[in-house]
Each structure stands twice: as structure tokens, then as C-alpha cells.
Amino acid sequence: MSMAAGVGLWRYPDLLSRMHAATKPQVLGLFCFLLAVVVQLNQWVWLPVFALAWGLQLLTSPVSAHMVGRAAYRTKHLRQDILIKDELKDVVDRAIRNDAAKK
């Protein structure tokens, strides 16, 4: 899974695609690793601990990817030419106009 993420980071052209390649295999790879450790230990008492670790990773990985993507969008560190549809443009423009009107 880490190798697949590394290849995706190397091959994809922009930040949003690379972010996708880095987060998706991470969650599945950790699940496979933790499951293998539980099977190897042959003590099922560790299963809730590993399930908690995987659950926390499952919750935090999308949040961190969202925050990186949001920061990249707001600081213009993404390639606009390969975006198919920019659904955030109107929302961000409206927020900028509202902030300017308040000042």
C-alpha cells in the first residue's frame, strides 16, 4: 500500500490528486497490517485496541486531507487548468465579497 501511495505521489500532476493517492492506501494498508498483527499474535484481546487505532485513523485521514485541500485551494496552490468543474469558486468568491463588505 505504501508503494502504491509512493507511485501515486510521483505520477499524479497536482496536489489534489497526490493527496488522494497518499490518503487512500494509508487507511487500507494500516487495516491490513493491524489485522495481520492480530492473527500473528493469536490473542484476540488485542482486537479492540487495534480496531480503535484503525478507527481513529479512518476518522482523521479524511479530515487532514480535507484541510490540506482547502488550504491548497485558498492559497492557489493547485492547477486550475486540469480542474473539470470548480464547485468552490462561487462559494469562495461570495465569502470574499462578504468579508470585504464587512470591512
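Here are the numbers for this structure:
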quantity	calculated
Pairs where the first residue, in segment 76-103, is of a type in the set (A, V, I, L, M, F, W, C) and the second is open to solvent by less than 100 Å² (accessible area, probe 1.4 Å) and not in a loop (DSSP other than H, G, I, E, B), C-beta under 7 Å, 6+ apart	78/15; 78/16; 78/72; 88/73
Candidates 59, 41, 52, 34, filtered to the one that is within 30 Å of residue 79 (Cβ to Cβ), of a type in the set (A, V, I, L, M, F, W, C) and free of Cβ contacts under 8 Å to residues at least 40 places away in the same chain	59
Any hit, segment 37-45, residues being of a type outside the set (Asp, Glu) and touching a Leu at 6+ places or on another chain (Cβ under 8 Å)	yes
Residue count for segment 45-103, restricted to those that are within 30 Å of residue 30 (Cα to Cα) and hydrophobic (A, V, I, L, M, F, W, C)	19
Failed criterion for residue 82 (all others in (1) more than 15 Å from residue 15 (Cα to Cα); (2) in contact with a Pro (Cβ under 7 Å, 6 or more places away or on another chain) hold)	(1)
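The values are calculated or read from the model by the stated rules, or taken from the named source; none is laboratory data. Computed from a prediction, not measured in an experiment: that's the story for all the values here. Using ideal geometry, Cβ is built from the backbone for each residue, glycine included, and neighbour counts are taken over all protein chains shown. Heads up: the accessible areas ignore ligands, DNA and RNA and are worked out on the full protein's heavy atoms, side chains in. Shrake-Rupley method; radii C 1.70, N 1.55, O 1.52, S 1.80 Å.
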